[in-house]
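Structure, as C-alpha cells:
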Amino acid sequence: MGSNLGELLLKEKLLNTEQLKSVEEYQKQNDVAMGSAIISLGLVSEEEMAQALSRQLGYPYINLDQFEVYPDVISLIPFEIAQKYLIMPIHRIRSFLTLAMVDPTDLDVIEDVRFRTGLSIQPVIASESGILNAIEKYYGSSDSIKVKQIVDEIEQAEDTSVNIIEEEDEDYDIEELTKSTEEAPIITLVNTVFIDSIKKGASDIHFEPYEKVFRVRYRLDGTLYEMMNLAMKFKNPVVSRVKILSNMDIAEKRLPQDGRIKIRVKLENGNKKEVDMRVSSVPTIFGEKIVVRILDKGMLKLDLTKLGFEKKPLDVFQNSINSPWGIILVTGPTGSGKTNTLYSAISNLNSTDTNIMTAEDPVEFYLEGINQVNINEKIGLRFSTILRNFLRQDPDIMLVGEMRDFDTVDVAIKAALTGHLVFSTVHTNDAASTITRLVNMDVEPFLIADSVRLIVAQRLVRRLCKSCREEHKLTPDALEDIGFSSADAKKVKVYKPKGCPSCNNTGYKGRTALFEVLEVTEDIKEMILSKAQSKQIKKKGMKQGMLTLRQSGLEKIKKGITSVEEVLRVTVKDKEVK
C-alpha cells in the first residue's frame, strides 16, 4: 500500500513522467511526503493538486479556514502525528472520523489513524498550507504542546508530588512550599512557559489567579492572548517558583514585590541568547498575580531609521538630538515605545568623547559605554536627587526616565540652560499638550520656551503580516472619514489581517511606531510665552509641516504596513487646520 498521488496527477496531465521521477528523487533525498515534494519543486500548485484529487477520487475539497474544530476531536490525533502526516481531524459522528488530508491516496496513513483512534476514516481533501494553518491554530507551537503535556501528566498522576497549600490557611509552611517548587514537573512547567513566550516574541507573561482557575496569558505585539487555564492546584507552586527565581520573599503574600530573572535560552537554530526578566507581584483577592516583563535586547531597535519615523520628522528629530544643549521630550502612554526611542537616540550619540548618564526606574536594558543608574525611592534616590549629582559628574548628555514633579523638571531645565542635552519622558496625549502639562507643574512659560527644543508623541501599532495580509475593500467615503484626502481615498489600497502560521494566526507580526514631532520654533516659543492653548499650538505645528499621530498612521496604511483598525485604535481624528 502507499500513495498513488503521482499516478493520479499523471492522469490529470499535471505531471509528466520526467517530472514524477524528479519528485521521487526529491522525496528520497529530503524524506518528505510526495505532496510536499511536488509543491516544493513548484510543479503543481496546492489548489491544482487538491482540485485534481477531488475530481479523480470523488472526495470533497474543503477550506479549513471555514471550519471550527472542537477540542474533543483534536484530542483524537496527537500533534506529532498530525504534523508528520499533514492531516487534520475535522468532525466525529459516532464511529466515523472525518479527516482532512493533503494526500488521501496514502492508505498507510489512513490505516495508521484508524488503528490509533479505533474509528472508520472518511477522508476529505485540503491544501497543505490550510492543514498547516489549522495545526498551528488548534495545536499551537511545539513549546505550547510541551506545556500542555506537562500539565496533563501532572493532572493524570495518581500521587502527585506537588504539595498544595489551601488559600484559607493563614500560616504557610515555607519549607513545604519551597519543596513543592523544586519538584521536576513544576520546574519544567515554568521553564517551558518562559521558553515558549520568548520564542513567540511575547513582551509580558501574566500569571493570574481567579476563583476557580489559574490563567496564563502572553502579550504579543501589544495584545494579550490567553495561552492556558491551569487547575488551582498549580497556583501556589507556580507563583512560588517564579518568586524564588526572581529572589522575592515567598513568605510575603500581602505586599507587592519586585524582582529580576536572567535566563539563557537555546533557540531552534542552535544559538543561545540571554534574556532579562523584570518580575512584579501584586496581591489580589484570589492570590498573587505575577507579571513577568521580558526584556529581550534582541527585540530592541537602536537604528533610528527603523523605528517608524517618516522622512521629514526623522530629519527634524536627528537635527534636534545633535544639538549641544536643550531638552528633548518623548511622550505617550505606558507601553508606547518611549524607552526604545530614547535608547535609540542616546545610542546614536554614544561615543568615546561623550559622557552619557541615565537615571531610570528601573534600568530596562544595559547599554555599553553609557552610565546607567537605577532609581530607588526607598533610600531617597529620586530623579531630582540623582540629576543634581549627575551635574557633578561632568556629563554631556543626561537621560531622565520620567519628569514626574517640579523638582525634577526644575533641575533638568537648569541643566539644559547650562549647556547640557537632556532627554526625558512625560505622560500626555499628544506633543502640544506636553507644554500644558509642564505649566501645570508650576514651570514658568519662559523657562519652557528657552529650554525645550523638541517634543515627540508616539504610539505603537501592529504590523500586518506580509505573508497573509489581504486587501480591505473600503469605500472612498469611509477612507475620507478617517482622514484621507478625497484624491487619496479614490486610489489608496488598504490591507487587513488574515492569519497564518508565520504570525501565530493573528494577522500581525511585529510593531512599528506612529510619531508626532513638534519642533519648538520661534513661533511656537511666542505661543508658549503668551500661554496659548495646546490645540492652538498643535494647529501652528501642523501649519509648519508637523505630521500628527493620525497622519503618521495614514502614511503607514498607504504603505500597507498596518491596518485601518490599528490606526483608529490608537489615534483620534485631527480637526481641520484653517
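The values are calculated or read from the model by the stated rules, or taken from the named source; none is laboratory data. In this text, all values refer to a predicted model and were calculated from it rather than measured experimentally. Reconstructed Cβ throughout: ideal geometry from the backbone, glycine too, with neighbour counts over all protein chains shown. For accessibility, only protein heavy atoms count, side chains too; no ligands or nucleic acids. Shrake-Rupley method; radii C 1.70, N 1.55, O 1.52, S 1.80 Å.
What ranking, highest mean first, results for peptides 486-495, 358-367 when packing means the other Cβ atoms within 10 Å averaged over each residue?
358-367, 486-495
Expressed as a whole percentage, what fraction of the accessible surface of the chain belongs to carbon and sulfur atoms when a 1.4 Å probe is rolled over the protein heavy atoms?
47 percent
Quick check: Cα centre of the stretch 15-80 to Cα centre of the stretch 371-446, how many Å?
Cα centres, the stretch 15-80 to the stretch 371-446: 62 Å.
Out of all Cα-Cα pairs in the stretch 436-545, roughly what percent, to the nearest whole number, are more than 23 Å apart?
Roughly 53 percent, rounded to a whole number.
Can you give the relative contact order of the chain as a percent, counting alpha carbon pairs under 8 Å and 6+ residues apart?
Relative contact order for the chain comes out at 9 percent.
Val452's amide H: which non-local residues (gap 5+, or another chain) put their own amide H closer than 5 Å, with H modeled 1.01 Å from N in plane and none for Pro or chain starts?
Under 5 Å from the amide H of Val452: Ile327.
Please compute the net charge surrounding Ser120, taking Lys and Arg as +1 and Asp and Glu as -1 over other residues with Cβ under 11 Å from its Cβ.
Net of charged neighbours comes to +3.
For Asp296, Asp394, give the ranking by accessible area with the largest first, probe 1.4 Å.
Asp394, Asp296
Please report the antiparallel percentage of the DSSP beta bridges confined to the chain, to the nearest 5.
65 percent
Using 0.36 nm per residue of separation minus the Cα-Cα distance, give me the extension gain between Leu41 and Ser530 in nm, one decimal.
That pair, Leu41 and Ser530, stretches by 169.0 nm at full extension.
Per residue of the stretch 191-208, in order, report the coupling 6.51 cos²θ - 1.76 cosθ + 1.60 (Karplus, θ = phi - 60°) as ³J(HN,Hα) in whole Hz, putting x for Gly and Pro.
4, 5, 4, 4, 5, 4, 5, 5, 5, 6, x, 5, 9, 8, 10, 10, 9, 10
Which of the pairs Lys312/Lys466; Lys466/Lys573; Lys235/Lys262; Lys289/Lys559 have their Cα atoms more than 30 Å apart in this structure?
Where the Cα-Cα span goes over 30 Å, the pairs concerned are Lys289/Lys559.
With +1 on each Lys and Arg Cβ and -1 on each Asp and Glu Cβ, and nothing else charged, work out how big the dipole of the stretch 479-578 is about its Cα centre, in Debye to the nearest 20.
The calculation lands at about 260 debye.
For the stretch 253-399, build the convex hull from the C-alpha positions and give me its volume per residue in Å³.
It comes to 170 Å³ per residue, whole-number rounded.
How much FRET efficiency would the formula 1/(1 + (r/R0)^6) give for Asp442 and Lys311, where r is the Cβ-Cβ distance and R0 is 30 Å, rounded to 0.05?
After rounding to 0.05, the efficiency reads 0.20.
Farthest toward the dipole's positive end in the chain, which of Leu86, Leu367, Gln257, given Cβ charges of +1 (Lys, Arg) and -1 (Asp, Glu) about the Cα centre?
Towards the positive end, the residue furthest out is Leu367.
If you average the sequence gap of Cα pairs under 8 Å that are 6 or more apart and divide by the length of the stretch 389-520, what percent do you get for the contact order?
25 percent
Where a ≥ b ≥ c are the square roots of the eigenvalues of the C-alpha gyration tensor, would you call the stretch 344-396 rounded, which needs a/c under 1.5, or, failing that, prolate if a/b is larger than b/c, or oblate?
Oblate is the answer for the stretch 344-396, as a/c is 1.5 or above yet b/c matches or exceeds a/b.
What ranking, highest mean first, results for peptides 430-442, 242-254 when packing means the other Cβ atoms within 10 Å averaged over each residue?
430-442, 242-254
Accessible area of Arg114, 1.4 Å probe, to the nearest 10 Å²?
100 Å²
Between Lys473 and Leu300, take the C-beta separation as r, use R0 = 45 Å, and let me know the FRET efficiency to the nearest 0.05.
In this case the efficiency is close to 0.75.
Would you mind computing, in nm to one decimal, how far apart the modelled labels at Ser323 and Lys573 are, each placed 7 Å from Cα along Cα→Cβ?
3.5 nm
First check a/c for the stretch 362-467, with a ≥ b ≥ c the square roots of the eigenvalues of its C-alpha gyration tensor; if it is under 1.5, answer rounded, and if not, answer prolate when a/b is larger than b/c or oblate otherwise.
The shape class here is oblate.
Sort all Cα-Cα distances of the chain into consecutive 10 angstrom bins from zero, then give the percent of pairs in each bin up to the one containing the longest distance.
The distribution over the chain is 3, 14, 19, 21, 19, 13, 7, 3, 0, given as percents.
Cα centroid distance between the stretch 469-542 and the stretch 293-350, in Å?
The stretch 469-542 and the stretch 293-350 have Cα centres separated by 19 Å.
Just to check I understand the Karplus step: with θ = phi - 60° and J = 6.51 cos²θ - 1.76 cosθ + 1.60, what whole-Hz values come out for the stretch 398-414, glycine and proline as x?
Running phi through 6.51 cos²θ - 1.76 cosθ + 1.60 with θ = phi - 60° gives 10, 10, 10, x, 7, 8, 9, 9, 4, 4, 5, 5, 4, 5, 4, 5, 5 Hz.
At 0.36 nm per residue, and after removing the present C-alpha to C-alpha distance, how many nm does the segment from Val73 to Glu7 gain when stretched out fully?
The span from Val73 to Glu7 would gain 20.5 nm if fully extended.
As a check on your grasp of the helix formula, calculate [θ] at 222 nm for the chain: sum -39500 (n - 2.57) over DSSP H runs of n ≥ 4, divide by the residue count, round to the nearest 500.
Here the helix-only value at 222 nm equals -11500 deg cm²/dmol.
How large is ³J(HN,Hα), in whole Hz, for each residue of the stretch 421-431 in order, when computed from phi with the Karplus curve 6.51 cos²θ - 1.76 cosθ + 1.60 and θ = phi - 60°, using x for Gly and Pro?
9, 10, 10, 6, 10, 9, 9, 9, 7, 8, 5
Can you bin every Cα-Cα distance in the stretch 306-352 into 5 Å intervals starting at zero and give me the percent of pairs per bin, rounded to whole numbers?
Result, from short to long distances: 5, 17, 29, 30, 15, 4, 1 percent.
Using a Förster distance of 22 angstrom, determine the FRET efficiency expected from the C-beta separation of Thr188 and Tyr225, and round it to 0.05.
Given R0 = 22 Å and the Cβ-Cβ separation, E is 0.50.
Å³ per residue of the Cα convex hull, for the stretch 218-301?
Hull volume normalised by residue count: 132 Å³.
Please work out whether the stretch 524-578 counts as rounded, prolate or oblate from its C-alpha gyration tensor, where a ≥ b ≥ c are the square roots of the eigenvalues and a/c under 1.5 means rounded, while otherwise a/b larger than b/c means prolate and anything else oblate?
prolate
Taking amide hydrogens as modeled 1.01 Å from N in the peptide plane, which residues meet the under 5 Å criterion relative to Lys289, leaving out close sequence neighbours?
For Lys289, the qualifying residues are Val282, Thr284.
Which one of Gly507, Leu479, Val494 is farthest out on the positive end of the charge dipole of the stretch 479-522, using unit charges on Cβ (Lys, Arg +1; Asp, Glu -1) and the Cα centre as origin?
Farthest towards the positive pole: Gly507.
Say the dipole of the stretch 193-346 comes from +1 at the beta carbon of Lys and Arg and -1 at that of Asp and Glu; which of Ile328, Ser280, Gln318 then lies farthest toward its positive end?
Ser280
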